[in-house]
Amino acid sequence: MSALGNNALVAVIGAGAMGAGIAQVAAQAGHPVKLYDNRPGAAAEAVAGIDRQLGRLVEKGKLQPAARESIRARLQPVEAIEALADARLVIEAIVENLEVKQGLFLQLEALCADNCILASNTSSLSITSLAAGLKRPQQVIGMHFFNPAPLMALVEIVSGLATDPALAVSLYETAKAWGKLPVHTRSTPGFIVNRVARPFYAESLRLLQEGAADCATLDALLREAGGFRMGAFELTDLIGHDVNYAVTCSVFNAFYGDFRFQPSLVQKELVDAGRLGRKSGQGFYCYGEGAESPQPTQLQSHESVDSCVIEGDLGIVQGLAERLRGAGIAVSERAGRGLIQVGDAVIALSDGRLASQRAREDGLRNLVLIDLALDYRTASRIAITWSADTTPVARDQAVALLQRAGLAVSAVADLPGLVVLRTVAMLANEAADAVLHGVGSAADIDLAMCAGVNYPRGPLAWAQQLGAGYTLRVLEHLERSYGESRYRPSLWLRRKNAQGATLDE
Ligand code: NAI
């Protein structure tokens, strides 16, 4: 089935942030659009707001004045739901409540033509449940846009148990014709993005709870080493802790209390205190007038180093060696286990074990572990931790070397997998489980995480770059350290690793 022709009437119900954005997208794509809200005047206000947005695009030279006029002419606010009877596609973006949405769909089924598509923009409700009780459940589908809809490319096309597969293909093509990046997914808790993203928040919350470092340092590491646009604390402050915590609880409950999705007591405290983030003036950070942004901590070294020895193949850390050479460090090489020797110190990439444990198990004296970076050639900061018996001089020598490479060095407590590594490993693990459970293809899941939440690399492509075997080892070490099922590696990752297969299919 192909995309809907752009003469097909699109009705959008709910003229809030999402409904207005979706109406704008459909009208910009050339469809006649009717916008309805049960609050009198809300649809007309939203259309006026869209017109102002279009006006800004005209001012910036991104839209012709004539195009603005024709888009505006295609947008019709209506005050009665009966005016939507001739719609070919209805997208609802009303309040997130199952009973209310079911009631609306019952009403629409009676009102609209038999071939009318009933789509929901729900973030968390089951499409299967929304369709249950309707005469034509095969016509019901999820079309999950991201906020703000005109700017965010991703649309999750969500099929419920009864959804007609041809309809999913048609809406996928329609979203593409609207300039979006659609992905197919099934009606499972959190769909793709709100499921796979959970560890991004959860690992930082846990690191904070366990005293790894302060919020500003953990955020800076995810940004400056991990390449994420924002750290988990600044991002949840922006989303609102009430919203983010509710999504986590809803996914956790929907999975019958699977510990992989366990909500955080640290975040619950914030919600209980009314510290909801930016919107309430305080969350992890303060936003009041004159509030100062806390700065990440970083180590200063009293040592000076001008040479190091690279032992064996550094693998994904190779970019650091290039950087050291570029900084004028005399780098010599010899066979070994993929380590950097500097002065008394041995620097190694974390493999998910505690530094003290690895030092003992592998017989490494003065061990300093470094965290994962998205790109060691360009990262501006790196986390380190060290074994309990590492001397202060050895640690300072390691810090001095990393600083010579131009890296700010932040200390974190000796916890398994440091910050970026454990976050990426857990994101990849969740993505792997989502593939295993048929929630989406590996390619669609990676695309969804890049286009929907701006990850710098898809979690599975990242795990592929790290190596399936290494990613699996990190997870096994996390699982062993914590003794919790939360860190259990996905069977899909194990199977791919056993098969020697790539993670992109
Ligand atoms: P909102 O609160 O800004 O807007 C909802 C609008 O729906 C309001 O204008 C309200 O008057 C209207 N409304 C409520 N019940 C109605 C009914 N029975 N009939 C007609 N109109 C009704 O909410 P928002 O943020 O736009 O969310 C709407 C939907 O989109 C929810 O299902 C939400 O889960 C989903 N969503 C929200 C995202 C977000 O970031 N805000 C992102 C993706 C999906």
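In table form, for the structure just shown:
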read-out: Filter result (open to solvent by less than 20 Å² (accessible area, probe 1.4 Å) and either under 19 Å from T423 (Cβ atoms) or in a loop (DSSP other than H, G, I, E, B) (or both)) within the stretch 443-454; value: I445, A448, M449, G452
read-out: Any pair with Cβ under 6 angstrom, 6 or more apart, that starts in the stretch 435-448 at a residue that is among the charged types (D, E, K, R) and ends at one that is open to solvent by 30 Å² or more (accessible area, probe 1.4 Å) and in a helix (DSSP H, G or I); value: D446/A461
read-out: Test for V169: is it open to solvent by 30 Å² or more (accessible area, probe 1.4 Å), outside any loop (DSSP other than H, G, I, E, B) and hydrophobic (A, V, I, L, M, F, W, C); value: yes
read-out: Only one of A8, A15 that is more than 9 Å from the ligand (Cβ to nearest atom), assigned to a loop (DSSP other than H, G, I, E, B), in contact (Cβ under 8 Å) with a residue 60 or more places away in the chain and under 18 Å from A73 (Cα atoms); value: A8
read-out: Residues being within 10 Å of the ligand (Cβ to nearest atom) and closer than 18 Å to T174 by Cα - total across the stretch 74-92; value: 2
read-out: Candidates G440, G406, G467, filtered to the one that is farther than 20 Å from L208 by Cα and in the same structural domain as D375 (by TED's automatic domain parsing); value: G406
read-out: Selection within the stretch 112-124 - modelled with pLDDT of 95 or more and either in a loop (DSSP other than H, G, I, E, B) or within 13 Å of the ligand (Cβ to nearest atom) (or both); value: C112, A113, D114, N115, C116, A119, S120, N121, T122
read-out: First in the stretch 131-148 and in the same structural domain as K176 (by TED's automatic domain parsing) and among the aliphatic types (A, V, I, L, M), second anywhere and within 16 Å of the ligand (Cβ to nearest atom) and assigned to a loop (DSSP other than H, G, I, E, B), Cβ under 8 Å, 6 or more apart; value: A131/G160; V140/G160; I141/G160; M143/N121
read-out: Some residue of the stretch 399-416 being under 23 Å from G458 (Cβ atoms), among the acidic types (D, E) and either open to solvent by 30 Å² or more (accessible area, probe 1.4 Å) or at pLDDT 95 or above (or both); value: no
read-out: Pairs where the first residue, in the stretch 86-105, is of a type in the set (S, T, N, Q) and the second is more than 7 Å from the ligand (Cβ to nearest atom) and outside any loop (DSSP other than H, G, I, E, B), C-beta under 8 Å, 6+ apart; value: Q102/S129; Q102/L130
read-out: Candidate set: the stretch 246-263, residues that are of a type in the set (S, T, Y) and within 21 Å of M449 (Cβ to Cβ); chosen: the one surrounded by the most Cβ atoms within 10 Å (Cβ to Cβ); value: T248
read-out: Selected residue (only one of R457, R480, R494, R473 is assigned to a loop (DSSP other than H, G, I, E, B) and either open to solvent by 50 Å² or more (accessible area, probe 1.4 Å) or at pLDDT below 95 (or both)); value: R457
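Condition check ((1) open to solvent by less than 10 Å² (accessible area, probe 1.4 Å); (2) in a strand (DSSP E or B); (3) outside the structural domain of L118 (by TED's automatic domain parsing); (4) within 14 Å of the ligand (Cβ to nearest atom)) across all residues:
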| residue | (1), (2), (3), (4) |
| --- | --- |
| A3 | no, no, yes, no |
| A27 | yes, no, no, no |
| L57 | no, no, no, no |
| R68 | no, no, no, no |
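The values are calculated or read from the model by the stated rules, or taken from the named source; none is laboratory data. Everything numeric in this text was worked out from a predicted model, so none of it was measured. Backbone-built Cβ (ideal geometry, glycine too); neighbour counts: all protein chains shown. Calculation scope for accessible area: heavy atoms of the full protein, side chains included, ligands and nucleic acids excluded. Shrake-Rupley method; radii C 1.70, N 1.55, O 1.52, S 1.80 Å.
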